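One structure below.
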Amino acid sequence: MVRTSSTMLLPLGTKAPAFQLPDPSGKFHGTADATDTTALLVMFICNHCPYVRLISAELAAFGRDYAPKGVAIFAVNSNNAEAYPDDSPEMMRTEIRETGYTFPYLIDENQEVAKAYHAACTPDFFLFNGEQKLVYRGQFDDARPSNGIPPTGKDLRAALDAVLSGTPLPTSQRPSLGCNIKWRPKNEQQ
């Protein structure tokens, strides 16, 4: 595990980079499915990262809380599953079942979506408004595996609540912190 921060390189106001990715069952989902929504959340997660493991139950609750409010939520696993079999599609199916994720959990096998978003770590969050323009990128909350703070999603919830209510977003956007995305070696990238 290499402790890594979000790059925060995708500028606020950027249109969501389009994608269409499969879930572990082979069904495709993507940004085109979110054209009539109040907000779009794209989060980069994986199965084995202790930072994601810490917040996984709260991520599931977050999805249940906000999907009924017209928020499209996509989780993307960009890790090299060949080198990290815990992040394989089979293990993603288990993760979905065990955590209770109700949002699509997608496979970014060639890692192009992670690159388009400048994602660097798991977890890494990108929130877009109803026009699919970036309004928040950064952390879920202050919880970390070693600090004893329970996960609540307060930072991301505050940002999303602001989008839904039409109020100004929090000006403080702190980078997420987690495990680095497990990139494929350059000669294996498709």
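Bear in mind these aren't lab numbers, they're just calculated from the coordinates by the rules spelled out. Owing to the predicted nature of the structure, the values given are computational and were not obtained by experimental measurement. Cβ sites come from the backbone with ideal geometry, for glycine too, and all protein chains shown count toward neighbours.
Rounded to the nearest 5, the antiparallel percentage of DSSP beta bridges internal to the chain is 70%.
As a rough guide to protection, the peptides 109-117, 174-182 ranked by mean Cβ packing within 10 Å, highest first, stand as 174-182, 109-117. The HN-Hα couplings worked out from phi for region 69-78 by the Karplus form 6.51 cos²θ - 1.76 cosθ + 1.60 (θ = phi - 60°) are 8, x, 9, 8, 10, 10, 9, 10, 9, 9 Hz, whole numbers, x standing for Gly and Pro. Separation between the Leu164 and Lys115 pseudo-spin-labels, each 7 Å from Cα along Cα→Cβ, expressed in nm? Each label point lies 7 Å from its Cα, and together they span 3.6 nm. Our estimate of slack between Ala57 and Arg3, defined as 0.36 nm per intervening residue step minus the Cα-Cα distance, is 17.3 nm.
In region 1-117, a dipole from Cβ-located charges (positive for Lys and Arg, negative for Asp and Glu) runs towards its positive end, and of Thr102, Leu10, Phe44 it is Leu10 whose Cα lies farthest in that direction. Average 1/r across all pairs of distinct alpha carbons in region 144-190, invert it, and you get the Kirkwood radius: 14.0 Å. Between (i) -0.85, -1.26; (ii) -0.97, -1.40; (iii) -0.83, -1.43, which entry matches log10 I(q)/I(0) by the Debye sum over Cα atoms at q = 0.15, 0.19 Å⁻¹ as derived from the coordinates of this structure? Only one listed value fits the structure, namely (iii). With Cα atoms defining each centre, region 1-53 and region 97-141 are spaced 2 Å apart in the structure.
Cysteines in the chain lacking any other cysteine Cβ under 4.7 Å from their own Cβ: Cys46, Cys121. Counting only Cα atoms, the size of region 78-190 along its three principal axes is 45, 32, 26 Å, in decreasing order. Our estimate of slack between Thr171 and Glu98, defined as 0.36 nm per intervening residue step minus the Cα-Cα distance, is 22.8 nm. Highest average first, the peptides 99-105, 28-34 ordered by how many other beta carbon atoms sit within 10 Å of their residues are 99-105, 28-34.
Helices of the chain meeting both criteria, an alpha-carbon length of 20 angstrom or more along the long axis and an average Kyte-Doolittle score not below -0.5, with helices taken as full DSSP H segments, are 50-66.
Rounded to the nearest 20 debye, the dipole size of region 3-188 about its Cα centre is 380 debye, using +1 on the Cβ of Lys and Arg and -1 on the Cβ of Asp and Glu. When only the Cβ of Lys, Arg, Asp and Glu is charged (+1, +1, -1, -1), the dipole of region 16-82 relative to its Cα centre reaches about 100 debye. Counting only residues at least eight positions apart within a chain, or on another chain, the lysines with an alpha carbon under 19 Å from that of Lys15 are Lys115, Lys133. Between the beta carbons of Glu90 and Thr38, assuming R0 = 35 Å, the FRET efficiency works out to 0.55 to the nearest 0.05.
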